[in-house]
Structure formats: structure tokens, C-alpha cells
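*Asks:* So that we are looking at the same thing, I have put the structure below in C-alpha cells.
Rule-based calculations on the coordinates, nothing more; no lab input. On a predicted model such as this, the values are computed, not experimentally measured, just so you know. Note that each Cβ is placed from the backbone with ideal geometry, even for glycine, and that neighbours are counted across all protein chains shown.
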Amino acid sequence: MASSWRSSRLWIDNAPSVGVIAISVVALSMGWQMFTGRLIERTDRARAAAGEVARIWGGPLLQPQPEVRWRRADAATVELEQGELEKTSVDVSLDVDYRRRGITEYPGYDAQVAGTYQFKNPSPEAAFVAFTIGLPAERSALMLRDLTLLVDGKEDPSRTEYAADRVAWRGRVDGGRTARFALAYRARGLSRFGYRFVSEAGEGAAARPVSGFRMQVRVRNLRGAVDYPVGSMAPTSISDADGARLFVWDVDRILTSFNIGLELPDRSDLSAAIGRLIHNAPFFYLMFAAALTLSLSSVRRRARALHVGGLSAAYFLYFPLAAYLSAYLAWPLACGLALGGISAVVLLHVARFIGARAAGRAGLCLLFFLATPAVAYLLPEHTGLILVLIGFVALATGLRYLGDTAREILDEDPPASGEEAA
């Protein structure tokens, strides 16, 4: 009888708060839905501007492997047969410079490329050689600086042709001699950098094996981990040196259908992560509001309902505040400032009008049901793990609260003599 009376009293005591929570979840969901629509609209505009960003900053760079063709100078035919480079050495430096348009961030970079190539005339007689190397970007996004092709250590302008898609040299190489070609340029790129062995049509493997190939790429100012596009050759070694990440491909001889590629980390998925977080925000809000109601159980019911309503508005405000700050600041700083500001408002309010102990409990509610989901969704590679771990901690905390409550009930309502005997 006492248990039934206590249960009905619990419902009556929390009825105003439950009503406020029900109204709040409807109002907040409508507000979040409207804000999500605005966010999607801004994201679509930023994505539509990606082509404009590429035209300003430059697109992804993909440097092709050179092609060598030759014939003996005294040959009866003018047809050239395909030759093989004896050695290839490519040194690339990428200085990453992130570009922001609204909430979307683009990983631009300044590339410095230097490649040296050796071709040995396989004939004891002089040969006519055509060395051709493609340029790393489409014509619409091509912007190379300090472009030079050296042949045996010097420029040969009379035999060198610079076109919109390639650089070519044609000349004689004495019998058995090794010709050395050195290509160098600076360029601006976006998102990806690669080196191409396979033809643009992607039909099978490279035409001939590649011998003595070594390529190293130094990447500076990274924010996160580098990824590799599908169909890319993994580096033979990765290390850190002088504040840069060094990727090395070093093979003696290779015939491959893969290219080399690096995908720079970015935060272009930030708006999508915030969208997923806002989509699930009503569920996290319900848990926050329920935990907050229990945390404020010492407050009179009407005052408790008012406090829950006001703090619900503070909970709602975090999401638009974090999203709009992200348009001006790096996302960790923006989300941290938004969370710090909302937490300060909530804790100061609870501490002033209720008490320090209640403020500590409200802080735990914010940690479990606002800070943790925000961090989890903004780190998509760890979302599941973070939510499971904080769920475990929340379960342990809730079980302790339930245990203390059950102990208080037992102390207030001792068992009847028959139950005690049983």
C-alpha cells in the first residue's frame, strides 16, 4: 500500500516537469528541423562552389610517369619503339593550407615537385629519343610555376616543347650513353596528390615495367590522418621527420595496375556530422531532461519544471551556436567555445538558484547527454566507441543512484513480519 502511494506521489510530483519536457521536445524538434534545413542549404551552396574553389586554388594534382620512345638514328623506319627508364626518382613537398568557405573546409596545398629520370640508349649506335612527360592537372585548373625540364643538367629550348598537357624533348643520344632528364615545378592543388603509372583510361597495368623507382612525399601542416584513394599503391615506409610526415615508395622493378595517391584529411563532412547529431538530438535531449529532473528532485515541483524548461532552451542553443561558430573558427575551437558557454550558463544558473551540489549533478547531465554526443558525432571514426563507453559510465552512475534510492526506500518502509521471515 505504501509502495503504491509512493509511486503515485512520484508521478504527481514530477507531472509539471514531464509536461514541460513533452512541450519542449516538440518545440525543440521543430527548431532543430528548421535549423537543419538552413544548414543543408548552406552546405549545398558550399559544395556547388567546389568547382570555383578548384579554379581559384587549383584542382587535385596527378603527375603521370614519363614515356620514352626511341629508334636508332640509322634505322630505315621512322617508327619509334617504346623504351624503358633505367631509374626514376621523384621528390615532392606538400605544404597544406586549409581553405574555408562557410562551414566547409577545403584542404589546399602548395606542391613542389622535382623528378629525375634516366634513360640509357640500348644501342651501341646513336639513337633518336623522344622523352614526354604529362602535366599533373586538367587544362582548366592547370597553374604551374617555375616549370623547367633539364636535359643532362641544362635546358635545351630548341628541342623542348611546352604544351598545355605535356612537356616533350626530342633529340639524339649517343650509343650506350645515359641521358638524364629533370622536371621541376611548383603548383597549387586541392584535396589529393597522386602519381600515375596507368593510362587515364585505366586499361590494365602500365605498358612496361618500371625499374629503379623511388618517390618520397613530405606533407606538412596536416590535420589528421592521410588516406589512400581506392586503387592506390601503399607506401613502403612512413615516418615523421622535421615536423612533416614522410611517405616513401621504393621498388627495384614493378609492373602494376595501381597508381600512387594521397587523400588529405579535411572537415568537409563537418556539416554532415552536425546534421546527424541534430537528427538524434531529441533522443539525447529526452535523456538529458529525465536525468536533470532526477538531479533536481530536491526542488519543489513547480520551480523544478521552470528550471527544466529554461535549461532545455540552453540545451537547444548549443547546436546552432556551434554550427555558426564553425563558419569562423576551427571546428574544435568552435564546438569547445559553444559547449563551454552553454555549460557556464547552466552551471551558474543552477548554482545560484538551487545550490552547488545540484550544479554538479547538472554538469554530469551535460557531460553525458550533450558533450559526449557532440564529440562522438564530430569524430565519426570513433562515434560508436565513444557512445558505448559513455553509456557504460552512465549505466554505472544510474545503477548507483538506483541503489541509493532503493536503500532509502527500505529504510523508510521496513518489510512486514511475514516478508522478513521469508
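*Asks:* Arg38 label point, 7 Å along Cα→Cβ, cut-off 20 Å on backbone N: hits in the stretch 285-315?
*Replies:* 312-315
*Asks:* Which peptide among 173-181, 58-66, 128-136 comes first, and what is the full order, when sorted by highest mean count of other Cβ atoms within 10 Å? Each step should come with its number before you reach the end.
*Replies:* Numbers: 173-181: 16.0, 58-66: 21.9, 128-136: 20.1.
Put in order of decreasing packing, that is 58-66, 128-136, 173-181.
*Asks:* Order of Met143, Met30, Met215 from fewest to most other C-beta atoms within 10 Å?
*Replies:* On the way: Met143 14, Met30 10, Met215 21.
Neighbour counts put them in this order, fewest first: Met30, Met143, Met215.
*Asks:* What ranking, highest mean first, results for peptides 155-161, 294-300, 361-367 when packing means the other Cβ atoms within 10 Å averaged over each residue?
*Replies:* Values: 155-161: 11.6, 294-300: 17.0, 361-367: 19.4.
Taking the mean over residues of other Cβ atoms within 10 Å, the ranking is 361-367, 294-300, 155-161.
*Asks:* Compute for the stretch 284-344: radius of gyration divided by Kirkwood radius, i.e. Rg/Rh, restricted to C-alpha atoms, rounded to two decimals.
*Replies:* Working: Rg = 13.9 Å, Rh = 12.6 Å.
Rounded to two decimals, Rg/Rh equals 1.10.
*Asks:* 5 Å is the cut-off here: which amide hydrogens, built 1.01 Å from N in the peptide plane, fall below it relative to Glu86, excluding neighbours closer than 5 in sequence?
*Replies:* Result for Glu86 returns Gln118, Phe119, Lys120.
*Asks:* Could I ask something else about it? What translational diffusion coefficient, in µm²/s and rounded to a whole number, does the Stokes-Einstein relation yield for the stretch 142-239 at 10 °C and a viscosity of 1.306 mPa s, taking the hydrodynamic radius as the Kirkwood radius over Cα pairs? Write down the numbers at each step before the final one.
*Replies:* Working: Rh = 17.0 Å.
Here the translational diffusion coefficient equals 93 µm²/s.
*Asks:* Counting other beta carbons within 10 Å of each Cβ, put His349, His382, His307 in order, fewest first. Numbers along the way, then the final one.
*Replies:* Details: His349 16, His382 12, His307 23.
The order, fewest Cβ neighbours first, is His382, His349, His307.
*Asks:* Also, I was wondering about something else. Give a quick list of GluC sites (Glu not before Pro) in the stretch 70-101 that DSSP marks as loop, anything other than H, G, I, E or B, with at most 10 other Cβ atoms within 10 Å.
*Replies:* Glu79
*Asks:* Could you calculate the FRET efficiency of Val393 with Asp146 from 1/(1 + (r/R0)^6), where r is the beta carbon distance between them and R0 is 45 Å, rounded to 0.05?
*Replies:* Values: r = 56 Å, r/R0 = 1.25.
Once the sixth-power term is evaluated, E becomes 0.20.
*Asks:* Something else: So what J values fall out for the stretch 356-370 if you push phi through Karplus, 6.51 cos²θ - 1.76 cosθ + 1.60 with θ = phi - 60°, rounded to Hz, Gly and Pro as x?
*Replies:* With the stated coefficients, the stretch 356-370 comes to 5, 5, 5, 5, x, 5, 4, x, 5, 4, 5, 4, 6, 10, 10 Hz.
*Asks:* To two decimal places, what compactness ratio does the stretch 58-263 give when its Cα radius of gyration is scaled by 2.2 N^0.38 Å? Intermediate results must be reported in sequence, preceding the final value.
*Replies:* Numbers: Rg = 18.0 Å, N = 206, 2.2 N^0.38 = 16.7 Å.
That ratio works out to 1.08.
*Asks:* Let me check I've understood the local charge: for Asp174, count other residues with C-beta under 14 angstrom from its C-beta, Lys and Arg +1, Asp and Glu -1. What total comes out? All intermediate terms of the calculation are to be shown ahead of the outcome.
*Replies:* Values: positive: Arg72, Lys120, Arg172, Arg177, Arg180; negative: Asp74, Glu125, Asp152.
Net of charged neighbours comes to +2.
*Asks:* Order these by the 10 Å Cβ neighbour count, fewest first: Thr116, Thr77. Don't skip to the answer; put the middle values down first.
*Replies:* Working: Thr116 16, Thr77 8.
Listing Thr116, Thr77 from fewest to most nearby Cβ atoms yields Thr77, Thr116.
*Asks:* If you bin every alpha carbon distance in the stretch 216-305 into 10 Å steps from zero, what whole percent lands in each bin?
*Replies:* Result returned by the calculation: 13, 25, 17, 14, 13, 10, 6, 1.
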